[in-house]
Amino acid sequence: LCFAAFAADSPKPLLRAHSHNDYMHQRPLLDALDNGFCSVEADIHLVDGKLLVAHDLDKTKSDRTLEALYLDPLLSRVKANGGRVYKNGPPCTLLIDFKTDGKTTYPVLDQVLAKYAEMLTVFKDGVPTPGAITVIIDGANEQIAAQSVRYAAIDGSLPDLDSDRPATLVPWISLNWTTVFKWKGQDAMPEDERTKLREMVKKAHDKGRKIRFWGLPIRSTVWPELYDAGVDLLNADNLPGMKDFLFAREGK
């Protein structure tokens with residue numbers, strides 16, 4: 001792969017596009033970047049000292065490591081594009097979801113991320129030095145919070161809508177749609193749920209956090225409601241579909 005070629009014809013970066021379960025695509029990371037996504041998601045398992053990317057343990061393969069699928073190609077691309085994932089583009093996010101116990105998985109991940117510090121947002125005593133990529137982790141809250149120097153932040157949960165944990169520690173909140181809302185995308189969204197959604201977005205923003213929902217109904221009616229409510233990250237498995245939606249909303 002020639003990563004220098006990315007610099008010449010870079011797609012429009014889509015700030016609100018999040019590639020859900022990105023590793024399931026034919027070309028993990030690269031398909032998302034070709035469509036302009038600024039956020040991708042990888043699930044990891046700690047297996048024999050390696051961080052293997054897969055949803056389920058029985059789907060892991062020894063060559064599909066976090067480094068090989070994500071960190072190495074991202075670093076090559078950042079170097080080729082003058083310190084950004086997209087040439088002159090915005091910061092991007094790598095969301096990592098632990099599928100094995102955080103107490104054993106996080107120390108390994110922390111050591112791995114340290115090797116890529118030149119492209120990452122680094123936090124020292126809670127103060128960030130912004131990088132091309134911010135790593136956000138679901139599955140190691142206490143360990144991350146206890147570090148004076150860290151290469152990642154925490155993916156928050158429902159209580160963080162009201163918590164006073166700093167946004168530099170918990171910049172994101174990810175929520176399961178089905179535990180908060182009943183609407184499944186059929187017919188119009190009930191007005192009380194629309195109001196509730198907007199109130200949740202405002203709460204997150206008032207705390208300086210972004211908000212994302214997973215477990216969304218697979219219906220074209222859902223994205224417009226999320227977009228109009230100000231949801232920061234729109235989950236997508238259909239990458240070209242999300243790109244087309246955002247182009248239509250925001251203009252090419």
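The values are calculated or read from the model by the stated rules, or taken from the named source; none is laboratory data. All values derive from a computational prediction rather than experimental measurement. A quick note on method: Cβ atoms are made from the backbone with ideal geometry, for glycine too, and the neighbour counts reach across all protein chains shown. Surface areas here come from the heavy atoms of the whole protein model, side chains and all, with no ligands, DNA or RNA. Shrake-Rupley method; radii C 1.70, N 1.55, O 1.52, S 1.80 Å.
Spelling out what I want: for every residue of segment 239-249, take phi, set θ = phi - 60°, compute 6.51 cos²θ - 1.76 cosθ + 1.60 (Karplus), and round to whole Hz; glycine and proline get x.
For segment 239-249, the Karplus-derived couplings read 5, x, x, 5, 4, 4, 4, 5, 4, 5, 7 Hz, x marking Gly and Pro.
Could you sort Phe98, Phe37 by accessible area so the largest value comes first, with the probe set to 1.4 Å?
The ranking, largest first, comes out as Phe98, Phe37.
What 222 nm value per residue comes from the helices of the chain, counting each DSSP H run with n ≥ 4 as -39,500 (n - 2.57) and dividing by all residues, nearest 500 deg cm²/dmol?
It lands at -8000 deg cm²/dmol.
What does the net charge come to around Lys203 if you take all other residues with beta carbon closer than 11 Å to its beta carbon, with K and R at +1 and D and E at -1?
Combined, the nearby Lys, Arg, Asp and Glu give +1.
Per residue, how much accessible area does the chain show when a 1.4 Å probe rolls over the protein heavy atoms, in square angstrom?
With all protein chains present, the chain gives 47 Å² per residue.
Please list, ordered by chain and number, the residues whose modelled amide H lies under 5 Å from the amide H of Gly156; skip anything fewer than 5 residues away on the same chain.
Counting only residues 5 or more places away or on other chains, the set is Trp172, Ile173, Ser174.
Just to be sure I understand the model, the point goes 7 Å from the Cα along the line to the Cβ. What's the resulting Lys202 to Ser62 distance in nm?
Roughly 5.6 nm, to one decimal.
Each label point is 7 Å from the Cα along the Cα-to-Cβ direction; what then is the distance between the points at Asp48 and Gln111, in nm?
Modelled inter-label distance: 1.7 nm.
Nearest-5 percent of antiparallel DSSP beta bridges in the chain?
Of all bridge pairs located within the chain, approximately 25 percent are antiparallel.
Residue-wise, which Karplus ³J(HN,Hα) couplings in Hz belong to segment 148-159, taking 6.51 cos²θ - 1.76 cosθ + 1.60, θ = phi - 60°, and x for glycine or proline?
For segment 148-159, the Karplus curve yields 7, 10, 9, 10, 7, 10, 9, 7, x, 10, 3, x Hz.
Relative contact order for segment 27-163 using alpha-carbon pairs under 8 Å, separation at least 6, rounded to a whole percent?
The value is 21 percent.
Roughly what % of DSSP beta bridges within segment 81-207 run antiparallel, to the nearest 5?
Here the antiparallel bridges make up roughly 30 percent for segment 81-207.
What is the set of long-range amide H partners of Leu14 at a cut-off below 5 Å, with H atoms built 1.01 Å from backbone N?
Hits under the 5 Å cutoff: Phe37, Cys38.
Under 5 Å between amide hydrogens, which residues at least 5 positions from Leu29 or on another chain qualify, with H placed 1.01 Å from N in the peptide plane?
Under 5 Å from the amide H of Leu29 lies no amide H from a residue far enough along the sequence or on another chain.
Put a dot 7 Å past each Cα toward the Cβ at Ala167 and Asp192; how far apart are the dots in nm?
3.1 nm
If R₀ is 22 angstrom, what is the calculated FRET efficiency for the pair Asp101 and Gln147, using the beta carbon separation as r and rounding to 0.05?
0.80
Would you list, by chain and number, the lysines whose Cα falls below 21 Å from the Cα of Lys87, excluding same-chain residues fewer than 8 positions away?
Reachable lysines: Lys12, Lys79, Lys243, Lys252.
Can you check what the net charge comes to around Ser148, using other residues whose Cβ is under 9 Å from the Cβ of Ser148 (Lys, Arg +1; Asp, Glu -1)?
Spelling it out: positives minus negatives among the neighbours equals +1.
Just to check, using Stokes-Einstein with a Kirkwood Rh over alpha carbon pairs, what's the diffusion coefficient of the chain at 4 °C and 1.567 mPa s in µm²/s?
In µm²/s, the coefficient is 69.
Can you give me the Cα centroid spacing of segment 130-205 and segment 210-252 in angstrom?
Centre-to-centre distance over Cα atoms comes out at 16 Å.
Would you mind checking the pairs Lys182/Lys207; Lys61/Lys99; Lys115/Lys207 and listing those with alpha carbons more than 21 angstrom apart?
With Cα atoms farther than 21 Å apart: Lys182/Lys207; Lys115/Lys207.
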